[in-house]
Amino acid sequence: MNIVINGIGIVSSLGVGAEATTEALRKGSTGIRTMRYLQSQHTELPVGEVPLSNEEMMQMLNATSERYVSRTALMGAIALREALHSAGIDADLKGKRVCLISGTTVGGMDMTERVFASADDNDLYYCVKHHDCGSSTEDMARLAGVEAECCTVSTACSAALNAIIVGSEMLKNDEADIVIAGGSEALSRFHLNGFNSLKILDDKPPRPFCATRQGLNLGEGAAYVVMTREKDAKEKGIYLAGYANRCDAYHQTASSPEGKGASLAMSAALRMAHLTPQDIDYVNAHGTGTPDNDRSESHALRTVFGEALPPVSSTKGATGHTTSASGAIETVICILAMRNGFIPGNNGWREKDDECIAPVAAAYAATLHHVMCNSFGFGGNDSSIILSDTTVEQRQDAVPSWQVEEVADVTVDSMEQLAELAEYVSPRETRRMGKLLKAATLSSLKALRMAGTDNPDAIITATANGMLENSEQLLREIADNGEQTTSPTLFMQSTHNTIGSAIAIRLGCHGYNITYTQGEQSLQCALSDARRLIATGQAETVLIGCHDESAPYLNTLLQRLGEDVSRDIYSRSIVLTRKKER
């Protein structure tokens, strides 16, 4: 079954909308400048900001009466509205099963920073109820006037590309009629200081793959694609020909030197599309501009393409690294390049590094039939998709043919149970774990032992708020001490996919790895994905985890609002497998 993209919307530092973005890319423009809207002490760090204030975006959306709305939701709503309009279905959604799948990591963090530690009960209510990633997805749907089932993916910098992959699988399995997929991420002091604590931000414009590269510049933005089954498409679009997600299983923030996860993802995407490396006309690389990432991705590209390496460029030199939104922004950029016949340039590249590929320095005209887009995130969460302008042969319709069996279900919901972790993990290693990571590790390893397996084919995580205690501590650090002493450990362990990637690293699991964060619906999203993988023969055994924790300041807020704060941790791990014939 072929999946068609026939609607796109984009907002980035290059401008608002597909037309402005195309013009900027052809000219080789950059949107990276001195920060204007982000209120940070680090004015020495250039960023790629969307050239609109929150107030201007609210006016565009006729939402000027809104008091509590995040920049993430505002940008997402603008891109979402453009995507639906370009697909010609913005007024034709009634009676359709519509799903909005969005990737983000910080969600409403920019708004939470403004109201953190406020004494105003309205501010507190926002902080508790609208900070999380799932709420930002629901807010953007409401602002754009779209009634849709919402699903949020949070796998750091590969989140938006994973949202597109999930959306395609839902369409193939007849779980939706129309899927709008992509991602949105606003700049915040939280992740600016977090990335800065890792020493990977550059105070000069980024130079992906260049011998003089020193790091990345953060950006912000949003992009969405509208996808349907080919038989339901109103007109010819771009085909989503192949895709794959794999885990590097190496380190929480560093890529493996050989780019194991990246090469696995690219190779699997090619197999799904029934294409050879020689068929690819252009690769939009992840290309962050950090020394290790570009070296690792170059190694992976050479592994997959060998002597047939096509033109490659990273467009992060133009947009900045838009983190969780980057996969969708770069997917839309690839579609614009295919439609308009050009290859985007790699801004900032001047000097060849023998350990890296030599990218396309400046945009030039070209006919593109098959394009690959890479997106790699913290925890080694690596994804690749292939876009084609012609129909390609894919696997047969995903009619469920395998029965799913639950073989283990383990819950850890008290601090006392954590003593059992000593049976699985050394005391020295345990000391470096937060309470939720301890609980998740314990429930996961117990469930796998109960199921009689050492290494699942896939790891799927569900969490409403992620590593909340680390996030809260990092926010408190910034509020109390300013922006000069941010802890890299707190930041590294604050991303929602920390748990799933930590378990993959422990097990050496290079398979599918994804994290869902949609409030109380998170576990249902994870279970649906796991059952889909098994039923369609993409996995035999899947580890599903549902993990959440409380945090001191959040407990104070909840108590003030009259809510229950009795549970410190909750970790449930389930192992599903393909049912064997008896």
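Cβ-Cβ contacts under 6 Å between residues 6 or more apart (or on different chains), taken from a first residue in the range 15-40 that is within 16 Å of Ala337 (Cβ to Cβ) and touching a residue at least 60 places away in the same chain (Cβ under 8 Å) to a second residue that is open to solvent by 50 Å² or more (accessible area, probe 1.4 Å) and among the hydrophobic types (A, V, I, L, M, F, W, C), are listed as Gly28/Ala362. The listed residues are Glu520, Glu540, and the only one of them that is out of contact with any helix residue (DSSP H, G or I) (no Cβ under 8 Å at 6 or more places or on another chain), under 30 Å from Leu100 (Cα atoms) and open to solvent by 30 Å² or more (accessible area, probe 1.4 Å) turns out to be Glu520.
Being closer than 15 Å to Met75 by Cα, surrounded by 20 or more Cβ atoms within 10 Å (Cβ to Cβ) and of a type in the set (A, V, I, L, M, F, W, C), is that true of even one residue in the range 16-32? Checked against the condition, which is being closer than 15 Å to Met75 by Cα, surrounded by 20 or more Cβ atoms within 10 Å (Cβ to Cβ) and of a type in the set (A, V, I, L, M, F, W, C), the range 16-32 yields at least one hit.
Of all residues in the range 257-284, those that are without any contact (Cβ under 8 Å) to a residue 60 or more places away in the chain have Cβ atoms under 8 Å from Cβ atoms of residues that are open to solvent by 10 Å² or more (accessible area, probe 1.4 Å) and β-branched (Val, Ile, Thr), 6 or more apart or on another chain, in Glu258/Thr303; Gly259/Thr303; Ser263/Thr303; Ser263/Val304; Ser267/Val304; Pro277/Val304.
Rundown of residues vs (1) farther than 20 Å from Leu554 by Cβ; (2) open to solvent by less than 10 Å² (accessible area, probe 1.4 Å); (3) at pLDDT below 95, yes/no style:
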site	(1), (2), (3)
Gly108	no, yes, yes
Asp123	no, no, yes
Cys133	no, yes, yes
Thr137	yes, yes, no
Cys150	yes, no, no
Thr155	yes, yes, no
Ala160	yes, yes, no
Ala186	yes, yes, no
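Checked against the criterion of being of a type in the set (A, V, I, L, M) and either over 23 Å from Ala269 (Cα atoms) or part of a strand (DSSP E or B) (or both), the range 188-199 has at least one qualifying residue. Could you check the range 256-309 and list, in sequence order, the residues that are out of contact with any Phe, Trp or Tyr (no Cβ under 8 Å at 6 or more places or on another chain), hydroxyl-bearing (Ser, Thr, Tyr) and over 26 Å from Pro46 (Cβ atoms)? Of everything in the range 256-309, those that are out of contact with any Phe, Trp or Tyr (no Cβ under 8 Å at 6 or more places or on another chain), hydroxyl-bearing (Ser, Thr, Tyr) and over 26 Å from Pro46 (Cβ atoms) turn out to be Ser263, Ser267, Thr276, Tyr282, Thr303. When you scan the range 249-267, do you find a residue that is in a loop (DSSP other than H, G, I, E, B), of a type outside the set (A, V, I, L, M, F, W, C) and closer than 19 Å to Ile5 by Cα, even just one? No: the range 249-267 contains no residue that is in a loop (DSSP other than H, G, I, E, B), of a type outside the set (A, V, I, L, M, F, W, C) and closer than 19 Å to Ile5 by Cα.
Cβ-Cβ contacts under 8 Å between residues 6 or more apart (or on different chains), taken from a first residue in the range 65-92 that is closer than 13 Å to Ala18 by Cβ to a second residue that is assigned to a helix (DSSP H, G or I) and open to solvent by 40 Å² or more (accessible area, probe 1.4 Å), are listed as Ile78/Met60.
Among the residues making up the range 285-309, a single one is in a loop (DSSP other than H, G, I, E, B) and free of Cβ contacts under 8 Å to residues at least 60 places away in the same chain: Leu309. Checking Cys99 against (1) surrounded by fewer than 19 Cβ atoms within 10 Å (Cβ to Cβ); (2) at pLDDT 95 or above; (3) of a type outside the set (Lys, Arg), which test does it fail? For Cys99, the failing item is (1). A Cβ distance below 8 Å, combined with a sequence gap of six or more or placement on separate chains, defines the contacts here; from the range 311-329, residues that are over 21 Å from Thr34 (Cβ atoms) reach residues that are modelled with pLDDT under 95 and hydroxyl-bearing (Ser, Thr, Tyr) in the pairs Ser324/Thr105. Looking across the range 162-184 at every residue that is at pLDDT 95 or above and polar (S, T, N, Q), the one that is nearest to the chain's Cα centre (by Cα) is identified as Asn162. All conditions in (1) touching a helix residue (DSSP H, G or I) at 6+ places or on another chain (Cβ under 6 Å); (2) at pLDDT below 95; (3) more than 24 Å from Ala464 (Cα to Cα) hold for Arg81, with the sole exception of (2).
Residue check: is Arg506 among the charged types (D, E, K, R), in contact (Cβ under 8 Å) with a residue 24 or more places away in the chain and in a helix (DSSP H, G or I)?
Numbers: among the charged types (D, E, K, R): yes; in contact (Cβ under 8 Å) with a residue 24 or more places away in the chain: yes; in a helix (DSSP H, G or I): yes.
Yes; evaluated as a whole, the condition is true for this residue.
Mind listing whichever residues of the range 40-85 are of a type in the set (A, V, I, L, M), assigned to a loop (DSSP other than H, G, I, E, B) and open to solvent by less than 20 Å² (accessible area, probe 1.4 Å)? Outline the logic, then answer.
Our first condition is that a residue be of a type in the set (A, V, I, L, M); within the range 40-85, this holds for 45, 47, 50, 52, 57-58, 60-61, 63, 69, 73-75, 77-80, 83-84.
With the extra rule that they be assigned to a loop (DSSP other than H, G, I, E, B), the set shrinks to 45, 50, 52, 61, 63, 69.
The answer is Leu45, Val50, Leu61, Ala63, Val69.
Look through the range 333-369, keep the residues that are more than 23 Å from the chain's Cα centre (by Cα) and not in a loop (DSSP other than H, G, I, E, B), and return whichever of them is surrounded by the most Cβ atoms within 10 Å (Cβ to Cβ). The qualifying residue surrounded by the most Cβ atoms within 10 Å (Cβ to Cβ) is Ile343.
Listed here are the residues, each with its yes/no results for (1) without any contact (Cβ under 8 Å) to a residue 40 or more places away in the chain; (2) touching a Gly at 6+ places or on another chain (Cβ under 7 Å); (3) over 17 Å from Ser13 (Cα atoms).
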site	(1), (2), (3)
Ile200	no, yes, yes
Pro208	no, yes, yes
Asn217	no, yes, no
Thr228	no, no, yes
Lys236	no, no, yes
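In the set (1) under 24 Å from the mean Cα position of the chain (by Cα); (2) surrounded by fewer than 22 Cβ atoms within 10 Å (Cβ to Cβ), the condition left unmet by Leu554 is number (1).
The values are calculated or read from the model by the stated rules, or taken from the named source; none is laboratory data. Predicted model, so just to flag it, every value in this text is computed and none were measured. Cβ sites come from the backbone with ideal geometry, for glycine too, and all protein chains shown count toward neighbours. Just the protein is used for accessible areas: all its heavy atoms, side chains included, with ligands, DNA and RNA removed. Shrake-Rupley method; radii C 1.70, N 1.55, O 1.52, S 1.80 Å.
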